[in-house]
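Since the structure comes first, as structure tokens, the remarks are kept for the end.
The values are calculated or read from the model by the stated rules, or taken from the named source; none is laboratory data. Keep in mind it's a predicted model, so treat the numbers as computed, not measured. Note that we place each Cβ from the backbone using ideal geometry, even for glycine, and neighbour counts take in every protein chain shown. These accessible areas exclude ligands, DNA and RNA; they are computed on the full protein's heavy atoms, side chains included. Shrake-Rupley method; radii C 1.70, N 1.55, O 1.52, S 1.80 Å.
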Amino acid sequence: MHRRSVHTFVATLGLLVAAAPCGCSGRTVGNSDAQRPSDAGPVDQPSPDPDQNILPRGDCGPASVTTQHRWASRLGREDRLKPLSLVRLDDGTVCQAGVFSGDAHFGHDQQLLRLEAVGDWNYYLVCQRSDGSALWAKRIQGGSEWSHAGLVADGAGNITLIADFLQSVDAGGGPLTAPSGKGAFLTSFDKTGTNRWSLVLDTAHTFSLAANSRGDVFVAGSTRGNMKIAGVSLNTDYGHAFVASLDKTGALRFGRPLGFFDGHIRALTASATGEVTFAGQVKMTLQLGNGLSAKGAFVAHLNALGAPQWSNPAPARALGVDCAGNISVASDFSGTIDLGSGPLKAQGSSDLLLASYTAAGALRWAKTFSSSEGGDQLVSSSSTSITGCKGATSILVTVGGPISFGGATLPGKKDAVAIATFDPAGKHLWSTLLASDRRDAALHVGGDTITARVWLDASKDLGGGPVSPAGYRHDLIASFDSAGKHLASFASSAWQTGSGEGWGLGSDAQGQTTWVGRLRTEIELGDHVLTGWGSPFLASIANDGSIGWARTLRGYFSAPPFFAQSADGTSVLAQRFAHRVDAGGGELKAPKKAHNFYIASYDAQGNHLWSKVFGSDELLNISHLAVGPRGAVIAGTIRGEVDFGGVALRT
């Protein structure tokens with residue numbers, strides 16, 4: 001078969017508003033092997049005044065000038081924060097755990113607690129009063145962007161954290177090491193933040209965590225080898241599952257190996273008497289002991305000594321237990337399932353399931369819910385109970401559209417977050433929409449108080465007055481009683497000094513610098529606060545280092561752009577993209593091609609001049625970008641056909 005050759009191309013796009021005294025190409029940011037483009041402007045212009053300390057670019061100005069330092073400013077760095085788990089104590093204190101890099105601040109301006117990561121990613125543990133002010137915060141070195149962590153609380157207000165780590169960790173009780181090099185650590189703190197005890201779960205791979213009112217801690221998961229808890233071997237092998245319990249001092253109560261486990265333990269809950277229920281999904285048959293086994297999606301129950309009591313087929317991503325020992329199960333599911341009372345069929349691509357079992361494993365009732373658009377999903381946490389002592393069960397879900405849980409229909413849109421609460425018989429008590437975005441959503445039910453964390457993108461009033469976004473973590477934390485009465489809410493004000501990465505710089509004949517980069521979450525540049533995960537941004541920096549203007553381009557981009565700036569301050573940006581972009585002149589959709597680029601131009605004040613998109617089904621790469629007094633020039637390689645806005649190139 002004849003293969004078409006690859007050709008290089010050069011194209012000019014757009015006429016600039018004003019001619020520059022000399023046309024110069026800016027720095028090209030893009031492929032690592034791309035070379036600086038040749039100057040696009042005339043070469044017979046007068047040289048700039050050396051006293052102005054303007055660096056020469058291309059053929060503009062003399063070959064060398066005398067330079068002196070003008071200014072230096074820290075404009076932001078790649079600081080990140082990712083909340084993972086939360087619990088609420090009986091006195092209204094809310095504690096959260098997660099990972100962060102750089103530095104992070106928690107609480108109000110009047111009482112601000114600051115943590116600074118050592119190395120790259122660290123864990124944080126912070127407790128806040130019901131008004132959002134910070135009580136205490138801890139940093140634990142270790143972790144990564146992809147780390148997992150769980151947080152639980154007992155009846156005395158002690159909180160226990162579980163998280164994975166490599167080599168060694170110090171949670172406050174002294175250094176801990178994993179003999180195998182990998183594992184998880186458990187660490188417990190009292191309500192003042194004083195460390196109570198810490199220990200290692202050597203070889204632990206995935207895990208779920210639970211606690212009961214008397215202070216017992218329960219953990220279940222899988223292993224990478226012989227599991228050791230506080231030095232006690234469980235005689236497991238790679239890929240085996242386990243369930244273990246510790247008392248309030250951290251001493252091992254029981255540890256039960258479950259054999260080879262080719263799946264996930266997704267949820268765990270424990271009663272006040274020490275009995276434990278866990279749920280998972282396996283492909284092969286899992287031998288639980290006492291003649292019990294599980295296959296597929298299952299829920300299993302152990303007594304207070306760790307002996308298996310029963311196992312039922314059921315999908316479960318969240319569990320809860322009331323004071324009578326009844327167990328609640330919540331999940332999303334597709335297709336048809338049968339919990340023992342007849343088939344339940346999903347109406348959409350993903351429906352919601354809520355069911356209840358007695359302490360002996362008998363099904364009490366089961367309900368399903370579906371939005372008009374389908375695609376509903378449970379927001380679950382492997383260390384969160386969904387049931388209070390009196391038996392009210394709450395679920396936090398993302399919906400695909402309008403949905404009813406037994407009351408009025410909630411006008412939800414895709415990915416909106418809703419909460420619903422049901423009485424012990426499964427009757428709907430109350431439900432409401434909490435947010436339009438599913439980011440960082442989490443739920444905790446403790447005693448008979450329901451606490452939810454959702455993304456706060458605008459001021460919201462859930463019954464205690466309006467709550468507005470605060471800091472750089474726009475999280476709303478709200479608590480309700482089982483009847484839906486609002487108890488407290490606040491904007492979680494964890495924030496960071498900035499969150500972005502620089503991609504390139506350019507400067508004009510007056511010495512003004514333009515900075516191009518990408519946002520991680522938000523970044524503060526002078527009086528400008530820029531938002532938009534993964535979006536490119538442009539900012540102007542004056543001779544004294546102050547910020548002039550700043551703007552973002554709407555869209556998500558992983559590849560760095562090509563960037564050039566002319567002597568009159570006109571900037572041009574070109575970048576590969578996949579779906580859509582708004583560079584300032586309205587949304588532009590990608591051509592239905594395999595390789596797509598946009599190119600956009602801005603004047604010296606940051607105003608959008610023009611933008612275009614182009615693409616190719618076979619091959620399109622940009623290697624050079626330049627801007628001069630008459631327009632922008634791009635060069636690269638193509639195969640097939642590319643339309644540059646009325647001018648088509650074919651190879």
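Please specify each residue of segment 163-172 satisfying the condition of being surrounded by fewer than 24 Cβ atoms within 10 Å (Cβ to Cβ) and part of a loop (DSSP other than H, G, I, E, B).
The one that is surrounded by fewer than 24 Cβ atoms within 10 Å (Cβ to Cβ) and part of a loop (DSSP other than H, G, I, E, B): Gly172.
Which residues, counting only those in segment 614-632, are open to solvent by 20 Å² or more (accessible area, probe 1.4 Å) and under 25 Å from Trp549 (Cα atoms)?
Matches in segment 614-632: Pro629, Arg630.
For segment 295-306, how many residues are assigned to a strand (DSSP E or B) and either at pLDDT below 90 or surrounded by fewer than 18 Cβ atoms within 10 Å (Cβ to Cβ) (or both)?
2
Note down all Cβ pairs under 6 Å where the first residue falls in segment 266-282 and is in contact (Cβ under 8 Å) with a residue 40 or more places away in the chain, the second is surrounded by fewer than 24 Cβ atoms within 10 Å (Cβ to Cβ) and hydroxyl-bearing (Ser, Thr, Tyr), and they're at least six residues apart or on different chains.
Here the result reads Ala272/Ser213, each pair linking segment 266-282 to a residue that is surrounded by fewer than 24 Cβ atoms within 10 Å (Cβ to Cβ) and hydroxyl-bearing (Ser, Thr, Tyr).
Please go through segment 411-453 and pick out each residue that is open to solvent by 20 Å² or more (accessible area, probe 1.4 Å) and without any contact (Cβ under 8 Å) to a residue 24 or more places away in the chain.
Pro411, Lys413, Asp415, Lys427, His428, Leu433, Ser436, Asp437, Arg439
State whether one or more residues within segment 143-162 are within 15 Å of Pro83 (Cα to Cα), open to solvent by 10 Å² or more (accessible area, probe 1.4 Å) and of a type in the set (D, E, K, R).
Yes, some residue in segment 143-162 is within 15 Å of Pro83 (Cα to Cα), open to solvent by 10 Å² or more (accessible area, probe 1.4 Å) and of a type in the set (D, E, K, R).
Confirm whether Arg114 is of a type in the set (Lys, Arg), open to solvent by 10 Å² or more (accessible area, probe 1.4 Å), within 23 Å of Ala211 (Cβ to Cβ) and in contact with a Phe, Trp or Tyr (Cβ under 9 Å, 6 or more places away or on another chain).
No.
Table: residues versus (1) assigned to a loop (DSSP other than H, G, I, E, B); (2) touching a strand residue (DSSP E or B) at 6+ places or on another chain (Cβ under 8 Å); (3) at pLDDT below 70; (4) within 30 Å of Phe422 (Cβ to Cβ).
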| residue | (1), (2), (3), (4) |
| --- | --- |
| Gly500 | no, yes, yes, no |
| Thr514 | no, yes, no, no |
| Arg518 | no, yes, no, no |
| Trp533 | yes, yes, yes, no |
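Among the listed residues Arg580, Arg554, identify the single one that is within 26 Å of Arg639 (Cβ to Cβ), free of Cβ contacts under 8 Å to residues at least 40 places away in the same chain and open to solvent by 30 Å² or more (accessible area, probe 1.4 Å).
None of the others qualify; the one that does is Arg580.
Give just the number: which of (1) within 24 Å of Ser489 (Cα to Cα); (2) open to solvent by less than 20 Å² (accessible area, probe 1.4 Å); (3) touching a residue at least 60 places away in the same chain (Cβ under 8 Å) does Gly102 not satisfy?
So Gly102 meets the others, but not (1).
So which strands (runs of 3 or more DSSP E) stay within segment 444-495 end to end and still have 1 or more residues that are modelled with pLDDT of 85 or more and under 22 Å from the mean Cα position of the chain (by Cα)?
449-455, 475-481
Restricting to segment 236-261, and then to whatever is closer than 14 Å to Ser180 by Cα and open to solvent by 20 Å² or more (accessible area, probe 1.4 Å), can you tell me which residue is nearest to the chain's Cα centre (by Cα)?
Selected residue: Tyr238.
List the pairs whose first member sits in segment 629-651 and is without any contact (Cβ under 8 Å) to a residue 24 or more places away in the chain and of a type in the set (D, E, K, R), whose second member is part of a strand (DSSP E or B) and open to solvent by 60 Å² or more (accessible area, probe 1.4 Å), and whose Cβ atoms are under 6 Å apart, counting only residues at least 6 apart or on separate chains?
Hits for this filter: Arg650/Glu641.
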